[in-house]
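Encoded as structure tokens, the structure appears first; notes follow it.
The values are calculated or read from the model by the stated rules, or taken from the named source; none is laboratory data. Here the structure is a predicted model, which means the values were calculated and not measured. Counting neighbours? That spans all protein chains shown, and the Cβs are built from the backbone with ideal geometry, glycine included.
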């Protein structure tokens, strides 16, 4: 490969590396946020907010780099699909992490003892389902696997059912109104996170193309 | 007849009818022309070889010219060979460098100025001047003052060769692509450097073969020598003074003699002359090939 | 198979050393001015080929000249090393300064100019000599006779042009026997052999296939640290790939006299020219909407 194109490849690899890292950040922070919410840990919420501050500087930098590579390198084929896909999922990542931070932030507003056991159980299940969906989506990006989107499309229904149950539980009046309102928001946060995961998996269809290469194991 | 491109209607076979006939007629005419041209050439060659071959041997080529009455196997054409070589060589030394330099001026330096136009025009005119006129010209300006000599003959031959060398060198120089000159200039070469180190080496094959063709032509000229060297029968190694002889002159004298012996020697001389011209052509080809080694 | 999350330890310190992959492409400090053209107009006899061009070329940068046919970009390029002198009737108005010295002053020798400012042409033009003699040509006409020194120069130049490995065993073979890409690299080696300060390139890759083009572009990138390069190109992707600055020329039509003159429309950093050009004509050209 000509030296200059090697240089370009290194840039692409660096972008991919950062994207994977950002995925992983959310993948670990999400269960952390759920746990923070359920245990009432303010500390965790603080930590996550701090993390949000750090990575939010990355988005414009990555965007700028992607724009520059598209402008100056005239990419085609997988290079072009990669750069365009990164450009499209960066907003998804940004919003997702912001949602994670907000979930944890709710720990500030409620006491974990205020939650009904059924509510707690549902939150836990939603949390773990979304975490799982997120991991599957980001894994599909890493492996350039375009079959995951369909599967996640089904799991989102499952998430929807859990959410419906949660709403029912909240409406039943087993918790105080302020707490119920907070949990309504939290329920919305989780469903939105699920949507982001599905969107990412959908982007992989374009990214992978018809003959996706196998990433090194 | 329009060409149709509908599927199933495409006919890729040889065109029929009058186009085919026309094609074949033209081909036949060309072949016929070729044959017509080759026949007389072959005839001449055949005749000269047949009539002259018997006379050729080393003593013939080096022996002195006997009186015309002598029989065929006596004597030889030595002085004529020497004369031809001397005079033609001198003419070449005078005409070729001058012609090459002239062509270099025309192509590289002169451009469109009046001098180039003049040189070009005069050169073209000289190409058409009958060779006997050249001889008379040298007779009147040189021989009348300095007497007959090989030098005078060489001058006359040189005048014949000069326009040929100028024209062929000029064409060869024009064929050198301008991109080579630009490449050389771009490296910081002066005009003379460009000409000497790039243009001339690139054209040298063609220049040499053009010069050799001019030499071959000059070697066979008779008329300009008539008034300049005054054919004698002895060897004259001093080419600068005293009359001389050459193969064409000898052929002329012997062919007009009634004696069989002289005529036989004349045929031998003719064959020798053709052989010399042939050798020069071959050498020209070899030189071109050698210099074209880098120009593949 | 380990998932990436299990591989990557995403703790706070790690993300704090976040990306600066941009480092190499970050704007380097502005180099010294190599060429300073001031209101340059170029005439061929009575025909005004280029009008009122002013720009500065900076050291250790690759500057691209782009524009439609007839816009004068090659004319301007050739003005930088006085190659236009070879065309009868060509004259230059305005001034071109090379490192502070006027290029067109009466006392300036074009020969000396061309030894410092080399040129590579659109169609590779190796001399009908051996590869060795092609590269040694420049040094030889500069007076270098020492065989050992010439050997050294030839090897260094061929290495510099990334051609050494391919031809080191056949240096005495004809330069005309090389493929297009190799021949162009030979011409570049020949230019580098006289150790110029600037290398001008007139559409060097337009006769070459993509792989040979890539090799030349790599070469340009590599020698950029030692030479200043100005390249005329028709290929806009090439301009974005290799150049730091781009000058866009266009054609000014004079309706009355029905003449066309070249003019410099916009000159700036390559990213700005192709991302967000200021002039409408530039925008029309780079987006393919001109003509």
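Some observations on this one:
- Test: residue in region A:100-110 that is part of a helix (DSSP H, G or I) and surrounded by fewer than 16 Cβ atoms within 10 Å (Cβ to Cβ): yes
- Whichever residue in region C:203-213 is within 14 Å of chain A (Cβ to nearest Cβ) and in contact with a helix residue (DSSP H, G or I) (Cβ under 8 Å, 6 or more places away or on another chain) and, among such residues, is surrounded by the most Cβ atoms within 10 Å (Cβ to Cβ): C:205
- Inspection of region A:59-74 finds no residue satisfying the criterion of being over 23 Å from residue C:275 (Cβ atoms), in contact with a helix residue (DSSP H, G or I) (Cβ under 8 Å, 6 or more places away or on another chain) and in a helix (DSSP H, G or I).
- Residues in region C:253-278 that are within 24 Å of the chain's Cα centre (by Cα) and under 20 Å from residue C:40 (Cβ atoms): C:261, C:262, C:263, C:264, C:265, C:266, C:267, C:268.
- Residue match in region B:36-53 (condition: under 30 Å from residue B:81 (Cβ atoms) and over 24 Å from the mean Cα position of the chain (by Cα)): yes
- Being touching a strand residue (DSSP E or B) at 6+ places or on another chain (Cβ under 8 Å) and crowded, with 17+ Cβ neighbours inside 10 Å is a property that residue C:216 lacks.
- When residues in region C:130-156 are screened for being outside any helix (DSSP H, G or I) and more than 11 Å from chain B (Cβ to nearest Cβ), 4 of them pass.
- Residue B:110 on the phi > 0 side of the Ramachandran plot and either in contact (Cβ under 8 Å) with a residue 40 or more places away in the chain or in contact with a helix residue (DSSP H, G or I) (Cβ under 7 Å, 6 or more places away or on another chain) (or both): no
- Single residue of C:192, C:200, C:178, C:186 found to be surrounded by 21 or more Cβ atoms within 10 Å (Cβ to Cβ) and facing chain B (nearest Cβ under 10 Å): C:200
- Per this entry, residue A:139 is not counted among residues that are within 14 Å of chain C (Cβ to nearest Cβ), in contact with a helix residue (DSSP H, G or I) (Cβ under 9 Å, 6 or more places away or on another chain) and assigned to a loop (DSSP other than H, G, I, E, B).
- Flag: residue B:91 does not match the condition of being in contact with a helix residue (DSSP H, G or I) (Cβ under 6 Å, 6 or more places away or on another chain) and either farther than 23 Å from residue B:271 by Cβ or modelled with pLDDT under 90 (or both).
- Among the helices (runs of 4 or more DSSP H) confined to region B:123-204, the ones with at least 2 residues that are within 19 Å of residue B:231 (Cα to Cα) are located at B:131-138, B:150-175.
- In region C:99-129, the residues that are at pLDDT below 95, assigned to a strand (DSSP E or B) and within 14 Å of another protein chain (Cβ to nearest Cβ): none
- The residues of region B:170-196 that are more than 7 Å from chain C (Cβ to nearest Cβ) and under 15 Å from residue C:139 (Cβ atoms) amount to a single one, B:184.
- Here residue A:146 clears all of (1) surrounded by 15 or more Cβ atoms within 10 Å (Cβ to Cβ); (2) away from every other protein chain (no Cβ under 12 Å); (3) part of a helix (DSSP H, G or I) except the condition numbered (3).
This table checks each residue for (1) under 18 Å from the mean Cα position of the chain (by Cα); (2) more than 8 Å from chain C (Cβ to nearest Cβ).
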site: A:18; (1), (2): yes, no
site: A:26; (1), (2): yes, yes
site: A:64; (1), (2): no, no
site: A:78; (1), (2): no, yes
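- Selection from region C:76-91 of residues that are more than 14 Å from chain B (Cβ to nearest Cβ) and under 21 Å from residue B:191 (Cα atoms): C:91
- Subset of region B:11-35 [more than 41 Å from the chain's Cα centre (by Cα) and either under 30 Å from residue B:271 (Cα atoms) or surrounded by 10 or more Cβ atoms within 10 Å (Cβ to Cβ) (or both)]: B:15, B:19, B:20
- Where helices (runs of 4 or more DSSP H) sit wholly within region C:177-291, those with at least 1 residues that are farther than 22 Å from residue A:7 by Cα and touching a residue at least 24 places away in the same chain (Cβ under 8 Å) occupy C:180-192, C:270-275, C:280-286.
- Among residues of region C:58-73, those that are in contact (Cβ under 8 Å) with a residue 12 or more places away in the chain and over 11 Å from the mean Cα position of the chain (by Cα), counted: 10
- In the set C:77, C:30, only one residue is surrounded by fewer than 17 Cβ atoms within 10 Å (Cβ to Cβ), outside any strand (DSSP E or B) and at pLDDT 50 or above; that residue is C:30.
- Restricting A:48, A:12 to those that are within 11 Å of another protein chain (Cβ to nearest Cβ), in contact with a helix residue (DSSP H, G or I) (Cβ under 9 Å, 6 or more places away or on another chain) and farther than 21 Å from residue A:134 by Cα reduces the list to A:12.
- Residues of region A:112-128 satisfying the condition of being surrounded by fewer than 18 Cβ atoms within 10 Å (Cβ to Cβ) and part of a helix (DSSP H, G or I): A:112, A:113, A:114, A:117, A:118, A:120, A:121, A:124, A:125, A:128
- Search result, residues across region B:209-261 that are crowded, with 23+ Cβ neighbours inside 10 Å and part of a loop (DSSP other than H, G, I, E, B): B:221, B:228, B:229, B:244, B:245, B:246
- Selection status of residue C:145, touching a residue at least 24 places away in the same chain (Cβ under 8 Å), out of contact with any helix residue (DSSP H, G or I) (no Cβ under 8 Å at 6 or more places or on another chain) and surrounded by fewer than 19 Cβ atoms within 10 Å (Cβ to Cβ): no
- Residue within region B:281-294 that is in contact (Cβ under 8 Å) with a residue 24 or more places away in the chain and surrounded by 21 or more Cβ atoms within 10 Å (Cβ to Cβ) present: no
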